[in-house]
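Worksheet: the structure to be examined is printed underneath.
Every number here is computed from the coordinates shown, using simple stated rules; none is lab data. None of these values were measured; they are calculated from a predicted model. Here the Cβ positions follow ideal geometry from the backbone for every residue, glycine too, while neighbour counts run over all protein chains shown.
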Amino acid sequence: MLKNNPVMKKLVETGEERIGKLAQQLLSNEKFVAAVQTLVARSLAAKGTLDSALRTALSAANLPSTADLEQLRSKVDDLERLLSSVEGKVDTLLAAKSPKK
């Protein structure tokens, strides 16, 4: 209903134009871009500090981190593949030893 209204279409088009112009002005402003870059850099640094503190806290509580769990999962997967391979070889040897009827 509102999508087909010509007044609404005109309002949406005007709004899109104005937002586009505003975005273009902001991105062409060196101070704004520098501020955004600084904000992103500080956010990444804060995330790094938080991650490090969280790893330390988990270690102090004797709890595994996500990386520890992934490493353990990888080792378990490797063991499962090895056991499957050994099982296949044992089955082959047993089949070769059993008398054929």
Go ahead and run the numbers for FRET between THR56 and MET8, Cβ-Cβ distance against an R0 of 41 Å, rounding to 0.05. 0.15
Structure-derived Rg and Dmax of the Cα atoms in Å - corresponding label in (1) 12.3, 32; (2) 31.0, 89; (3) 13.5, 41: (2)
Rounded to the nearest 10 degrees, the helix 30-60 long axis (Cα) sits at an angle to the longest Cα principal axis of the chain of 30 degrees
Report the gain in length on full extension from ASP78 to THR38: 0.36 nm times residue separation, minus Cα-Cα distance, nm rounded to one decimal. 10.1 nm
